[in-house]
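J.: Got a structure here, written out as structure tokens. Questions coming.
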Amino acid sequence: MKKQLLIMLAACQFFSVSVLHAQGFLNRIKQKAGNVAEKVVDKKTDELINGKRKGNGGNTDNAGTDGAVDDGSYDSPPGSSSSATRRNKPANKGGAGLITSAPDVNEKLGAAESAFNASNFGEARGALQQAMLGVEMEIGKSLLKSLPESVSGLPNQADADKVTSAGYGWNGLTIYREYLKDDKQLTVTIANNSLLMSSYNAIIAASGFAQSSSDQKWKQIKIKGLKGIAEYDEGSGYKVTVPLGQTSLVVWEGVNFDNEQDLLVAINAFDVDGIKKTLGEN
């Protein structure tokens, strides 16, 4: 009986070892298969990303593990902008660009009225938005014409003049002009934007903006009777922000001005009251 137990125990032990060996062998096979699969996936991914297909070899810089090279034959899916599909497309060497003239206000108002009378309210709203965009663009052009052509010996950089409008209410009109000579620069930005005004009011009302006799980077200031904020940063220079009313403000930024007084002389060359009137601010 004892002998039979020993034989059975030995058989079980042999069976367990065999199972372990078999499991180890299967695990090695699975691992090897996984490695092969990973290589295949890596290769396919590389082909998709880099456009590599099998070629005739010889290009070791772009070759894959099987000698695949970039021969430009990879076809990207429709709508793809990969370099492979654009390789034979000629480069654009000219063109007049887009027409940037403002919408005709009277035309858009007429279209809005016609659409409204026809109960096509969506078309009416769109035409009114275009009419408003046209009005704002004309306001911006008028303001640019009213600004000085040179300030403190700095000529206007006409190619930098810009008028931007969102065309949705009086909340997105921005006029920009730049004056520059050598490394001295003055920029002026006129913004008819209630969001910017809200940010300004929040800053001016913050307790951290109390006047201090110590070295500080900002202070309250008056420009032609209007309250504003003057700031200075060693890296960017001077900045003066002045609200013009409920929704408008003007920002001057000066680089390489000698001092605050030098900047104020330049700012006083602007007709702030005229800017307010053009924007309809009281």
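J.: When only the heavy atoms of the protein chains count and the probe is 1.4 Å, how do Leu263, Leu98 rank by accessible area, highest first?
T.: These residues rank, largest area first, as Leu98, Leu263.
J.: At a probe size of 1.4 Å, how large is the accessible area of Met132, to the nearest 10 Å²?
T.: Approximately 60 Å² for this residue.
J.: For a Förster distance of 30 Å, can you work out the FRET efficiency between the beta-carbons of Ala166 and Gln220, rounded to the nearest 0.05?
T.: Step by step, r from the Cβ atoms, then E = 0.50.
J.: Give me the number: length gained by fully extending Asp159 to Asn259, i.e. 0.36 nm times residue separation minus the C-alpha to C-alpha distance, one decimal in nm.
T.: Once the chain is fully extended between Asp159 and Asn259, it gains 33.2 nm.
J.: Please list Asp161, Asp271 from largest to smallest accessible area, probe radius 1.4 Å, with all protein chains kept in place.
T.: Result, largest first: Asp271, Asp161.
The values are calculated or read from the model by the stated rules, or taken from the named source; none is laboratory data. Everything numeric here is computed off the predicted structure, so don't read it as measured data. Please note: Cβ atoms are built from the backbone with ideal geometry, for glycine as well, and neighbour counts cover all protein chains shown. Just the protein is used for accessible areas: all its heavy atoms, side chains included, with ligands, DNA and RNA removed. Shrake-Rupley method; radii C 1.70, N 1.55, O 1.52, S 1.80 Å.
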